[in-house]
Amino acid sequence: MTVPQQTPQAPRSPAPEPYRRRKAGLPEGHGHMIRRRWLTAVIIVLLVGIPAGYLVISAGQSRDSGRDKERESSVVGLQDNWPSQMKRRVFEVPIPRGAWDVAYYETSNWKTSRLYVRFTTTATGLDTFLAESGTSRAALGPGRVTVGERDADIVGWTFGPDGTWSATTVTRERPRPATDITVDLTDPAFPQVYVVSTTSP
């Protein structure tokens, strides 16, 4: 009777040092502990650093986009048309029904947005506009111009000594807009109104 020969098995490779030490209940080696802590630190830096980098890049792109929009709108200039109903509602500029010579211009960047509006109306239309804007004729200061020089230069408005100017500023709680209103009452029956409404997110 022939006994079958058994193929000798290859010797098993020893388990890694960290595994053998854990199996034996011994503390991990100093070198392995340093590598593990270093790897953990690298992972934390990646988890924190990469999202932060994206936020910085995104913020920069948003600012650049806002500046580009402002430059693009400056090429268009004051448009002889009514602003959309949505713009009038957002900027709270209730142009009275029947107004004429209406023109507007909008600028927008990452910090502020402005709507410039000019129109001519009747004495009754002015009262309606002021009331719906949250103010009245009594708030108009004679001889005042509340539209700043920078804003006036942007749209080419001139508030010279020949005009009979009265003005006020309507302030509202943010994020609602603040509105500078300047009126030319040279012809009281048909006042010309200049508005700059500014909103900041």
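If I model segment 77-199 as equal point scatterers sitting on the Cα atoms and use the Debye formula, what is log10 I(q)/I(0) at q = 0.09, 0.12 Å⁻¹?
Each listed q maps to, in turn, -0.21, -0.38.
Taking segment 78-167, which trypsin sites (Lys or Arg not before Pro) meet the DSSP loop condition and have no more than 11 other C-beta atoms within 10 Å?
For trypsin sites (Lys or Arg not before Pro) across segment 78-167 that sit outside H, G, I, E and B with at most 11 neighbouring Cβ atoms in 10 Å, the list reads 97, 111.
Each reported figure results from applying straightforward, stated rules to the coordinates on display, with no laboratory input. The structure displayed is predicted, hence computed values, not measured ones. When we count neighbours, we look across all protein chains shown, and the Cβ atoms used for this are built from the backbone with ideal geometry, even at glycine.
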